[in-house]
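Visitor: Mind having a look at this structure? Questions to follow.
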Amino acid sequence: MDEVCTGLCHLLVESGADAGLARFLSLLVGVLLVSGIPLITVILLIWIERKVAARIQDRIGPNRVGPVGLLQTIADMIKLLSKEDITPTAADRVLYNAAPLVSFASVVLIWAVIPFTPFHFGVDLEIGALYFVAIASFGTLAIMVAGWASNNKYALLGAFRVVSLLVSYEVPLVFALLVPVMLAGSMSLLDIVNAQTGMWFVVLSPLAFVIFYVSAQAETGRAPFDLIEAESELVAGFNIEYSGMKFGMFFAAEFLHVFTNGILMALLFFGGWMGPLYYESPLIAFAWLGAKGGLIYFTTLWLRNTVPRLRIDQIMAFNWKFLVPLSIANLIFISLALKVMQELGISPRDLVSAGFVELLPTTVVLLLINGAMTVYLLGLLRKRGQEARRESMAARAALAQAAD
Amino acid sequence: MNVLNEWAFIGLFAVLAPVFPALPIVIAWLFRPRKPNVLKSSTYECGVETIGDAWVQFRVQYYIYGLIFLVFDVEMVFLFPWAVAYNEMSLFGFVAGFLFIFLLTDALFYAWKKNALDWK
């Protein structure tokens, strides 16, 4: 909200306001504008999520309150407002009350660096990507605090599991994030989007996108990584002792986090607002970003409602023995191939301002490398699956023999 | 916007961000009923009384994952500047970054072979 800020600032100073106060007020307006977008979206997201889940499960979903149930969230909010709020006597009151605030704030804070159009953004931090990683870890902290402060065994167990899951999947997430940062030569999200004028990063490095997508799904605690809820095992996990509006805040934070990740993936890998006619008007650019982010968001909902939950040992083994080595190998191969091609003169030294035609040879080579890696990995997974099946067959046979 | 202004924006955002979720909670505090009793505010269990505290020692496996994560987290912080400077990097800087990655990957494989990554 660059222009709004400076414009408002000038206006206030001209009308005789104190310069410091004018700057503060214009910053305040900027913050409220930027944070308003996620806060309004989240109300809609809850409805979308429920409606999509219902359709996938062959139900109708909310359809009573307002047209096609659009006002359902408002009704739910009013209901939550009138709910009694129970704080267990054994809990640590201060931390217990702080956890939902931190949880929601950690998601809203990410939006400070998200550019909505080429000209409309909160701030364009030079370290935007690193800022996102740092802020997202606050969400993990909130879960740990909530589980610990509840002083309930289920809550604590749930929190331990979830935190070990979130912390583990942060490693491949950041390794995948390093690829767009490397290709754009900048951590600023605005620069990363602008660097995709020639070619979207998802084409240059599809594997990095897949790794980021899977880790983001785990980071938000969605199926197949939904240990965060695990109703059948841990009753409700870390938020078991929460009720009323505090419980609602955890849920709102989760819904918003999923959508935020969708928008981030659109920015990092799908060229953000790039699309036909995006330069004509900021509104078109904004619509493109929303459409891409929304589409990715939809696929995460689809995945969530389709696949079953994994066991914790499977989840951890998949991360540390597959995803982390893969993300490191991906980073090494891409950076090595790119450097060799730059030395040979096949790909341009300056990737950022290179056009589509200049980048074409680079794209083909990187795609081939990615394809070869994918074929190798699928073979590896197939072999591993066959081994696992053989092992379980042998165990079953041994059991049958013992029974005889 | 200059650098100071950027961080002033983030600072103000960080101050206001917890206020957004706090607002509905405070409004709920005004409207909600208050009828606490001993049973209601006791720790949740499956129909029986909770024995003892939940604030106990935890499994060492979580600690091991935490340690491995820490190694990689520090590594990643160093790799960000490496990735940003990638296009203008000399061969020396490029190889140095590679050695750094290999050293830490080595640590991962060590933990793997020691079965530290298995959920026990």
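Visitor: Could you please find all residues in the range A:17-60 being in contact (Cβ under 8 Å) with a residue 40 or more places away in the chain and polar (S, T, N, Q)?
Guide: Within the range A:17-60, A:Ser35, A:Thr41, A:Gln57 meet the criteria.
Visitor: Also, quick follow-up: Just give me the residues in the range A:326-346 being touching a residue at least 60 places away in the same chain (Cβ under 8 Å), of a type in the set (Val, Ile, Thr) and over 11 Å from A:Met373 (Cβ atoms), in sequence order.
Guide: Residue satisfying the conditions is A:Ile328 alone.
Visitor: Based on this model, can you work out whether A:Val324 counts as closer than 30 Å to B:Asn115 by Cα and in a helix (DSSP H, G or I)?
Guide: yes
Visitor: I've got another one for you. Take the conditions assigned by TED's automatic domain parsing to the domain that holds A:Ile192, part of a helix (DSSP H, G or I) and within 30 Å of A:Leu190 (Cβ to Cβ) and apply them to A:Val375. Does it pass?
Guide: In short, no.
Visitor: Exactly one condition in (1) touching a Lys or Arg at 6+ places or on another chain (Cβ under 9 Å); (2) away from chain B (no Cβ under 14 Å) is false for A:Ile312; which is it?
Guide: If we test A:Ile312 against (1) touching a Lys or Arg at 6+ places or on another chain (Cβ under 9 Å); (2) away from chain B (no Cβ under 14 Å), just (2) comes out false.
Visitor: For residues that are within 9 Å of chain B (Cβ to nearest Cβ) and over 25 Å from A:Val214 (Cα atoms), tally how many sit in the range A:148-167.
Guide: The total comes to 8.
Visitor: So, A:Thr73, is that one hydroxyl-bearing (Ser, Thr, Tyr) and either crowded, with 24+ Cβ neighbours inside 10 Å or more than 30 Å from B:Leu39 (Cβ to Cβ) (or both) or not?
Guide: For A:Thr73, the condition - hydroxyl-bearing (Ser, Thr, Tyr) and either crowded, with 24+ Cβ neighbours inside 10 Å or more than 30 Å from B:Leu39 (Cβ to Cβ) (or both) - is met.
Conditions tested, residue by residue: (1) on the phi > 0 side of the Ramachandran plot; (2) of a type outside the set (A, V, I, L, M); (3) outside any helix (DSSP H, G or I); (4) facing chain B (nearest Cβ under 7 Å).
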residue: A:Val29; (1), (2), (3), (4): no, no, no, no
residue: A:Lys51; (1), (2), (3), (4): no, yes, no, no
residue: A:Pro62; (1), (2), (3), (4): no, yes, yes, no
residue: A:Leu109; (1), (2), (3), (4): no, no, no, yes
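Visitor: In contact with a Leu (Cβ under 9 Å, 6 or more places away or on another chain), surrounded by fewer than 22 Cβ atoms within 10 Å (Cβ to Cβ) and not small (Gly, Ala, Ser): does that describe A:Met199?
Guide: It is true that A:Met199 is in contact with a Leu (Cβ under 9 Å, 6 or more places away or on another chain), surrounded by fewer than 22 Cβ atoms within 10 Å (Cβ to Cβ) and not small (Gly, Ala, Ser).
Visitor: Taking only pairs six or more apart or across chains, which ones have beta-carbon atoms under 6 Å, a first residue in the range A:195-211 that is touching a residue at least 60 places away in the same chain (Cβ under 8 Å), and a second residue that is part of a loop (DSSP other than H, G, I, E, B)?
Guide: So the pair list comes out as A:Ala195/A:Val352; A:Gln196/A:Gly271; A:Gly198/A:Ala354; A:Gly198/A:Gly355; A:Trp200/A:Phe270; A:Trp200/A:Gly271; A:Val202/A:Phe270.
Visitor: Among what's in the range B:57-90 and is part of a loop (DSSP other than H, G, I, E, B) and more than 8 Å from every other protein chain (Cβ to nearest Cβ), pick the residue that is nearest to A:Ala176 (Cα to Cα).
Guide: This residue is B:Met89.
Visitor: Checking A:Gly185 against (1) at positive phi; (2) in contact with a Lys or Arg (Cβ under 6 Å, 6 or more places away or on another chain), which single condition isn't satisfied?
Guide: (2) is the only condition that A:Gly185 fails.
Visitor: When you look at A:Val174, is it facing chain B (nearest Cβ under 7 Å) and either over 26 Å from B:Val19 (Cα atoms) or assigned to a helix (DSSP H, G or I) (or both), yes or no?
Guide: yes
Visitor: Looking at B:Gly47 and the list (1) more than 7 Å from chain A (Cβ to nearest Cβ); (2) buried (at least 17 other Cβ atoms within 10 Å of the Cβ), which single condition is not satisfied?
Guide: (2)
Visitor: Related question: Cβ-Cβ under 7 Å, sequence separation 6+ or interchain: first residue in the range B:56-83 and farther than 30 Å from A:Glu126 by Cα, partner surrounded by fewer than 19 Cβ atoms within 10 Å (Cβ to Cβ) and small (Gly, Ala, Ser). Which pairs?
Guide: Listed pairs, sorted by first residue: B:Ile64/B:Ala116.
Visitor: Can I ask one more? If you go through the range A:198-243, how many residues are polar (S, T, N, Q), closer than 19 Å to A:Gly355 by Cα and at pLDDT below 85?
Guide: 0
Visitor: Does A:Pro180 fit the bill of being more than 13 Å from the chain's Cα centre (by Cα) and in a helix (DSSP H, G or I)?
Guide: Yes, satisfied.
Visitor: In addition: Given the options B:Val38, B:Val26, B:Val3, name the one that is more than 7 Å from chain A (Cβ to nearest Cβ) and at pLDDT 85 or above.
Guide: B:Val26
The values are calculated or read from the model by the stated rules, or taken from the named source; none is laboratory data. Since we're looking at a predicted model, the values are computed, not measured. With ideal geometry, Cβ positions are generated from the backbone for all residues, glycine too; neighbour counts draw on all protein chains shown.
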